[in-house]
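*Asks:* Sharing a structure below in structure tokens format, with a few things to ask.
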Amino acid sequence: STLSGQGWTRTFGGSSIDSGQSVQQTSDGGYIILGYTGSYGNVGYNFWLIKTDSEGIEEWNQIFDIGDIDYGLFVQETHDEGYILLGTTFSFLTDHSDVWLIKTNSQGNEEWNQTFGGSYIDIGNSIQQTIDGGYIITGSRGTDYYSDLWLIKTDYQGNEEWNQTFGGNDYDFGNSVQQTTDDGYIIIGHTKSYGNGGYDIFLIKTDSEGNTEPYRN
């Protein structure tokens with residue numbers, strides 16, 4: 001339905017669970033949406049990428065899946081007017097999740113993809129294209145009993161250049177990351193290992209290689 005003035009609402013989805021997780025206005029004035037769909041594609045949940053015009057009318061959509069459950073969590077337009085997609089893929093066979101990174105062209109067709117992880121529960125929450133054309137990713141990696149904030153730097157094709165973990169003996173998560181003017185990185189998340197009890201905001205500043213000084217409250 002359309003609201004008065006310049007406001008409007010749109011819905012996308014089918015008869016199952018469909019969720020939008022990230023949206024950005026694109027260079028053409030439209031919008032790029034990333035989330036996941038249980039209505040379309042294979043059984044389980046799949047990454048769902050939707051491009052709209054400036055009025056929220058769908059221009060195209062793409063579905064991506066490699067696991068039993070794939071959650072698309074963050075999308076950004078890239079310097080070449082393509083898109084970088086970040087999320088998490090889970091397989092019942094391995095009983096763990098990996099960070100999943102997908103690069104598409106301007107029409108949402110896949111150019112490459114990379115996964116990061118191993119035997120841990122690995123989650124990717126936020127990504128930014130860096131000044132060198134690569135990408136910086138934050139999220140978490142851990143088990144059912146603890147997790148660390150995880151920072152990953154890749155080159156322009158998603159190949160890992162380095163990674164760093166931050167945290168203590170409890171649950172620590174990275175929710176958003178940005179490159180800073182000194183070519184370092186600023187990460188925001190939440191921590192149960194440090195602070196004043198329960199969960200507290202966790203702010204970390206690193207240099208260009210992801211190094212930082214020891215934790216200070």
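The values are calculated or read from the model by the stated rules, or taken from the named source; none is laboratory data. Just so we're clear, the structure is a prediction, and the values are computed from it rather than from any experiment. In case anyone asks, the SASA skips ligands and DNA or RNA and just uses the protein heavy atoms, side chains included. Shrake-Rupley method; radii C 1.70, N 1.55, O 1.52, S 1.80 Å.
*Asks:* Quick check for the chain: number of Lys pairs with alpha-carbon distance under 19 Å, counting only pairs 8 or more apart or on different chains? It would help to have the intermediate numbers written out before the result.
*Replies:* Values: Lys51/Lys103; Lys103/Lys153; Lys153/Lys205; Lys192/Lys205.
So the count works out to 4.
*Asks:* Roughly how many Å² is the accessible area per residue of the chain, as a whole number, for a 1.4 Å probe?
*Replies:* Per residue, the chain has an accessible area of 50 Å².
*Asks:* Per the 1.4 Å probe, what fraction of the accessible area of the chain, in percent, lies on carbon and sulfur atoms? Provide the component values of the computation, followed by the final result.
*Replies:* Details: 5040 of 10940 Å².
Ligands and nucleic acids excluded, carbon and sulfur give 46 percent.
*Asks:* Taking θ as phi - 60°, what are the ³J(HN,Hα) couplings along segment 137-151 by the Karplus curve (6.51, -1.76, 1.60), each to the nearest whole Hz, with x for Gly and Pro?
*Replies:* Karplus-based 3J(HN,Hα) across segment 137-151 equals 10, 10, x, 8, 9, x, 10, 5, 10, 6, 8, 10, 5, 10, 10 Hz.
*Asks:* Turning to a different aspect of this structure: Would you mind checking which residues have amide H under 5 Å from Tyr40's amide H? H placed 1.01 Å from N; only 5 or more apart, or other chain.
*Replies:* Under 5 Å from the amide H of Tyr40: no residue qualifies.
*Asks:* Ranked by accessible surface with a 1.4 Å probe, highest first, in what order do Phe12, Phe92 come? Write out the running numbers ahead of the final one.
*Replies:* Values: Phe12 70, Phe92 135 Å².
Most to least solvent-accessible, the answer reads Phe92, Phe12.
*Asks:* Calculate how many DSSP beta bridges within the chain are antiparallel, expressed in % of all such bridges and rounded to the nearest 5.
*Replies:* Just about 95 percent of them are antiparallel.
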